[in-house]
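I have placed the structure first, in the form of structure tokens, so that the comments after it can refer back to it.
The values are calculated or read from the model by the stated rules, or taken from the named source; none is laboratory data. None of the values given here were measured: they were computed from a predicted structure. Don't worry about glycine lacking a Cβ; one is built from the backbone with ideal geometry, like all the others, and counts go over all protein chains shown. We work out accessible area using only protein heavy atoms, side chains counted, and drop any ligands, DNA or RNA first. Shrake-Rupley method; radii C 1.70, N 1.55, O 1.52, S 1.80 Å.
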Amino acid sequence: MGSLLRRPTGRSGLVHAITPEDAGWRYVGFDLWRLSPGEMAAGELEGREAILVLVEGRAEVTAGGEHLGELGGRMSVFERSPPHCVYIPPGTAWQARATTPCVIAVCSAPSPGGRPVQLLGPDGIVLEQRGTGTNARHINNIAMEGRDVADSLLVTEVFTPAGHWSSYPPHRHDEDCFPDLTYLEETYYHRLDPSGCFGFQRVFTDDLSLDETMAPADHDVVLVPKGHHPCAAPHGVEMYYLNVMAGPRRAWRFQTHPAFAHMVGPRSG
């Protein structure tokens, strides 16, 4: 698997292309395109569904031969407005032509197919607060369990204010023992404001057989194959991340690290 911290391969075009084979796991895929006006992104995945997230900027999008028009609204993720998103079924060709500087995420996971191309946002996505005090952060629920919009994918955006913690208390979802716990692989696509700064993320198991602490920069991706995975935004630095999760069951059930159980009780899901 190598390092869990993945740097972009460039500043334009396809800058992340994370496949299950590359990540050393079975379910989650994540691509990221950074486009200038007039540039194109395109794809087609056999046996895998995808959710396109217009992270920033606008683009003309076509999927399955259907012209969906110009999508996208916010020019910066830190506007916190709900994103424009599109569900793409397996084996369906799509393309996007940027009409402004544009960042497009392609979140993917296995699917038997059968769902149509569907717009998932901004309608139906409402910014919600999770946590209190310096654990408070804000969530755009794109495709979590409560929205029946995918077969495998769970996708959400998280905005963490400067000086706050996120994905905290530390928790894990790395065993398939529903309803107490589900196995979900996960990627974090990080953005930071100011962009030249850094955040922190630690990925570790209870027995510390995996224990990696990273300082993700703007546009970096962190892989979470197992274990706990808290983040921290330094003082004066706002953190955004786009989460992609998938596993054998489309359900998010997690367990809090035992040392932090006093914050939420013995189990939280």
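Numbers at a glance
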| quantity | calculated |
| --- | --- |
| Neighbours by Cβ (under 6 Å, 6+ apart or cross-chain): first from the stretch 14-42, at positive phi and touching a residue at least 12 places away in the same chain (Cβ under 8 Å); second surrounded by fewer than 20 Cβ atoms within 10 Å (Cβ to Cβ) and in a loop (DSSP other than H, G, I, E, B) | G24/M1 |
| Selection from the stretch 1-21 of residues that are outside any strand (DSSP E or B) and more than 21 Å from Q201 (Cα to Cα) | G10, R11, S12, T19, P20, E21 |
| Test: residue in the stretch 243-255 that is out of contact with any Leu (no Cβ under 8 Å at 6 or more places or on another chain), within 24 Å of C177 (Cα to Cα) and open to solvent by 60 Å² or more (accessible area, probe 1.4 Å) | yes |
| In the stretch 2-22, residue farthest from S81 (Cα to Cα) [restricted to those that are open to solvent by less than 40 Å² (accessible area, probe 1.4 Å) and hydrophobic (A, V, I, L, M, F, W, C)] | L4 |
| Selection status of I51, crowded, with 19+ Cβ neighbours inside 10 Å, β-branched (V, I, T) and over 18 Å from N243 (Cβ atoms) | no |
| Among (1) over 23 Å from W94 (Cα atoms); (2) touching a strand residue (DSSP E or B) at 6+ places or on another chain (Cβ under 7 Å); (3) open to solvent by 30 Å² or more (accessible area, probe 1.4 Å) - the single one W25 does not satisfy | (3) |
| Filter pass, G133 being surrounded by fewer than 18 Cβ atoms within 10 Å (Cβ to Cβ), at positive phi and in contact with a helix residue (DSSP H, G or I) (Cβ under 9 Å, 6 or more places away or on another chain) | no |
| Contacts under 8 angstrom Cβ, first residue in the stretch 218-245 being under 30 Å from D151 (Cβ atoms), partner at pLDDT below 95 and surrounded by 23 or more Cβ atoms within 10 Å (Cβ to Cβ), 6 or more apart | none |
| Test: R115 is surrounded by fewer than 23 Cβ atoms within 10 Å (Cβ to Cβ) and in contact (Cβ under 8 Å) with a residue 40 or more places away in the chain | yes |
| Flag for V77 being of a type outside the set (S, T, Y), closer than 21 Å to H190 by Cα and within 21 Å of the chain's Cα centre (by Cα) | yes |
| Filtered residue count, the stretch 172-193, keeping only those that are open to solvent by 60 Å² or more (accessible area, probe 1.4 Å) and under 20 Å from P8 (Cβ atoms) | 1 |
| Test for G69: is it surrounded by fewer than 20 Cβ atoms within 10 Å (Cβ to Cβ), on the phi > 0 side of the Ramachandran plot and not in a strand (DSSP E or B) | no |
| Lone qualifier among A63, A105 - being farther than 17 Å from I125 by Cβ and either in contact with a Ser or Thr (Cβ under 8 Å, 6 or more places away or on another chain) or open to solvent by less than 40 Å² (accessible area, probe 1.4 Å) (or both) | A63 |
| R97 vs. criteria out of contact with any Lys or Arg (no Cβ under 9 Å at 6 or more places or on another chain), open to solvent by 40 Å² or more (accessible area, probe 1.4 Å) and either modelled with pLDDT under 95 or outside any loop (DSSP other than H, G, I, E, B) (or both) | yes |
| Tally of residues being charged (D, E, K, R), more than 17 Å from the chain's Cα centre (by Cα) and under 14 Å from G227 (Cβ atoms) across the stretch 175-212 | 5 |
